[in-house]
Structure formats: structure tokens, C-alpha cells
1. Once both axes come from the Cα atoms, what is the angle between helix 86-95 and the longest principal axis of the chain, in degrees from 0 to 90, rounded to 10?
2. With +1 on the Cβ of every Lys and Arg and -1 on the Cβ of every Asp and Glu, and nothing else charged, how large is the dipole of the chain about its Cα centre, in debye rounded to the nearest 20?
3. From the cross-link list K5/K82; K5/K52; K92/K130; K26/K130, which pairs have alpha carbons spaced over 20 Å apart?
4. With all protein chains present, how much of the accessible area of the stretch 51-130 (probe radius 1.4 Å) comes from carbon and sulfur, to the nearest whole percent?
5. Tell me the accessible surface of R180 in square angstrom (1.4 angstrom probe, heavy atoms of protein chains only), to the nearest ten.
6. Just to confirm the number: angle between the C-alpha axis of helix 22-33 and the first principal axis of the chain, 0 to 90 degrees, nearest 10?
7. Count the net charge of all other residues whose Cβ sits under 12 Å from the Cβ of A122, scoring Lys and Arg as +1 and Asp and Glu as -1.
8. Counting only heavy atoms of protein chains, what accessible area per residue, in Å², does the stretch 13-168 have with a probe of 1.4 Å?
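The values are calculated or read from the model by the stated rules, or taken from the named source; none is laboratory data. Note that the structure is a prediction, hence the values are computed from the model and not measured. Positions of Cβ are generated from backbone atoms using ideal geometry, with glycine treated the same way; all protein chains shown enter the neighbour counts. When the accessible area is computed, the model is the full protein with side chains, heavy atoms only, and any ligands, DNA or RNA have been set aside. Shrake-Rupley method; radii C 1.70, N 1.55, O 1.52, S 1.80 Å.
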Amino acid sequence: MQVVKEYPNGIFNWVDLSTTDIAGAKAFYAGLFGWEAEDQPIDGGGFYTMFKLNGYTVAGAGQMSPEMAESGMPPVWTSYVKHDDADAIAAKIGAAGGQLMMPPMDVMAEGRMVMAADPSGAVFGVWQPKNHIGAQLCNIPNTLVWNELQTRDAAGAQTFYGEVFGWTTETDESGYVMYRADGRMQAGSLQMDESWGEIPNNWAVYF
């Protein structure tokens, strides 16, 4: 088991769950993956849950705000890309046609965060580490192994993420697009069609 100390820029380094039932989520993932839940207080009250495996961080979770819940928004996992300069990435997101949903902000002493949507509306985050580097364990059983963009505009996404993060792509015989960053294949992109119905464009998380 290799414990991650640092992520290169452009690599997904964290995922977290926003849910209407944090207690239920803790019980579910404890039973499914053997995750332990550690609640950490946050500024302004409340807490943020760190999910751990063998004592190492693997994912996070937070209680959805009442406003988000009342809007009918379902619980959702968010994927975060690591970068040492969240402010510079925020500027690139706007220039490439994306939308800033939350401008760069400090999260206590843990890091600096941006929330954004690509031109198709798929939401993702950017995480600039300080005390919190992201997942300490990945690519082993019961941890994050893959992030996948499910989109109705795969071609436009390639352009957007290439401009923002410098990702390059490789397409297999089936048409599945794989994103490469820092010399490694680290995420994929799936073209959605009519059979997906009303499912919104999104970043899916695989454990």
C-alpha cells in the first residue's frame, strides 16, 4: 500500500459527497467499503466528514445546505482536480467558456478551492492543497480509481479541459476518450446520447 504525499497538477486528487443524509451515508459506506468516518468542525458551525481507510483519507462528505435540498438537487459526488494555483485556473475556466460557480476561496488552513462547470454544465472542483493534499490512498480496492465525464459534447469537452488543464486525449476503437495528464491516463469521457434521457452532463466517480 502506497500512501500519496503529493499530486501533480492536473490530476484528480479528491472527491466528496454532498448529501441530505450524512448519517445514512456514513453507515452505507462503512458497510460497503469499510470506511471510517471522522467529523471535523468547520468555520461557521457544522462539520465536514473525512472518510478514511486504515487511517488514511480517501474521500469526504458534507450535509447539503437547506437551500440546495429545497431546490430538489439530488445528493452528488464532486471530483476535484489538483493545481498549485487555483486563481490562475479560475481565470482559464472563464476564458475557455466555462462558468465559475464559486470563485477561489480559502478553506480554513486546508487548501484553496474553486467550483466550476464546463461549457456543457458538468460540475467539477479545483483543489489547491495546503494542509489537506487530497486522498492519501487511491487506485486500490475501496478507494478512488477513476473519474469519468459523461457528456453530450465530448469534442467540446476535449477542447475545454485541454485549454484549462493541458490535458491531452486518446480515443479507443469504441470511441471512448481517455484524458492524460502528467504522462498518465487519469480520467475518461463518455459521449451521452438520447438513451440517457434527462441525466445531466456530469463527472462520475468510481471506487
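1. Compared with the principal axis, the helix lies near 40 degrees.
2. About 460 debye.
3. Over 20 Å Cα-Cα: K92/K130; K26/K130.
4. The computed percentage sits at 57.
5. Roughly 80 Å² of R180 is accessible to a 1.4 Å probe.
6. 70 degrees
7. -2
8. I get 44 Å² per residue for the stretch 13-168.
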